[in-house]
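Right, one structure below, let's go through it.
All of the numbers you see were taken from the coordinates with simple rules; none came from a lab. Quantities reported herein were computed from a predicted structural model and do not represent experimental measurements. No Cβ is skipped: glycine too gets one built from the backbone with ideal geometry, and neighbour counts run over all protein chains shown.
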Amino acid sequence: MKQFRLAMMGMVLLCGAVGVRAQTSELIVQRDAGGLFLNHQVAPKENFYSIGRLFNMNPKVIAPFNGLALNGGLSIGQVIKIPLKDQNFTAVRKVGGPEVLVPVYRLSDGKKVVAGYLKVLKGQSALASGGPVPAPAVVSAAPPRHDAASAPVTSPKATTAQTTAAAANADQSATNTATDPLAAPPTQVHVTVPSTTAATKKTHQPTPAPVVEAPAVTTTAPTSGGARYSGEGAFHPDYLTQTDEGRKTKSASGLAGVFKSTSGWDNGKFYALMNNVSRGTVVKVTNLANNRVVFVKVLGDIADIRQNTGMLIVLSDAAVSQLGAGTDRFTTELSFAK
């Protein structure tokens, strides 16, 4: 009788594990006005807290994202949205770190394509016991074709310019794919190299092709190693906690300045200096010129020097770059906890 009970308990546990895997095997990224999310069907005995551990997302974020109260109950079979934020999602596969990467997908022509990775914690999420993580599907630009039938290049300068322009287009396509996981894969770029005939008549000289110089591309390089960060900042969840999900805030507007910092370029940890607020306060900063937003953590007061005169807030250069500001003095709107 005891052996029968043990066997039955093993079958129940196995069915439960299979149930979790069956519900989460189709991790298809969705998007609406609130941003990127995954759909999850509520299983027996699940609540906001257990679902939060499963997807590595604060339940205080999941509940309002679905328009529900945190202390309200969930029904078996109910479908809720799991927001994909910096805390639990990355579009770039990273090696190392405390999280386990679980691939999530988008649909392209009826097929599943890896769109990024869900970051979950081993020992807390059943999703952390999945198989090997595949690489994201990114279509790179095709190199210029050189085969036995290709003729010698007559204008090395023009060829270099064309190749540089094609590489710049390929880099831009790859950047768009990493920023927006639901975007269509970039189109392959083929570079055609001009050729000439091996023998030409002495009486006829071909008109030389005009030299096309590639446009200069100016970029701001990260000041630290690793992939360039793309997002609103790692302190967004802290802002939601401090402001009671954005319900208890006060606002201000004025000039923003910049200071140099090595933080934020690859991890989204943006910092700022601001007077009359507590150290550790997270501030939502909006660039009024383009409505781009970042979340910054205040380190202390603004230094009393000439370049900071009239500044409401001074931001790290990584935050300013993420806001798309073209100058070191620009108008912002701030929101932070009362």
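Remark: the Gln78-Thr327 segment gains 84.8 nm on full extension, using 0.36 nm per residue and subtracting the alpha carbon distance. In this simple spin-label approximation, Val113 and Tyr49 carry label points 7 Å from Cα along the Cα→Cβ vector, and these lie 4.1 nm apart. With a cut-off of 15 Å between beta carbons, the residues surrounding Gly233 carry a summed charge of +1, where Lys and Arg count +1 and Asp and Glu -1. From most to least packed by mean Cβ count within 10 Å, the peptides 273-285, 40-52 give 273-285, 40-52.
Full extension of the chain between Lys260 and Ser278 gives 4.3 nm of extra length, using 0.36 nm per residue less the Cα-Cα distance. Once the Cα-Cα distance is subtracted from the 0.36 nm per residue extended length, the Ala289 to Gln124 segment shows a gain of 55.2 nm. What the phi angles of segment 70-85 give under the Karplus curve with 6.51, -1.76 and 1.60, with θ = phi - 60°, is a coupling list of 4, 8, x, x, 10, 9, 4, x, 5, 9, 10, 9, 9, x, 9, 10 Hz, glycine and proline written as x. Cross-link pairs exceeding 29 Å in C-alpha to C-alpha distance, out of Lys45/Lys250; Lys85/Lys122; Lys45/Lys338, comprise Lys45/Lys250; Lys45/Lys338. Its residue count N sets the reference 2.2 N^0.38 Å, and the alpha-carbon radius of gyration of segment 228-323 equals 1.01 times that reference. If R0 equals 45 Å, the separation of the Cβ atoms of Asp301 and Arg247 corresponds to a calculated FRET efficiency of about 0.95.
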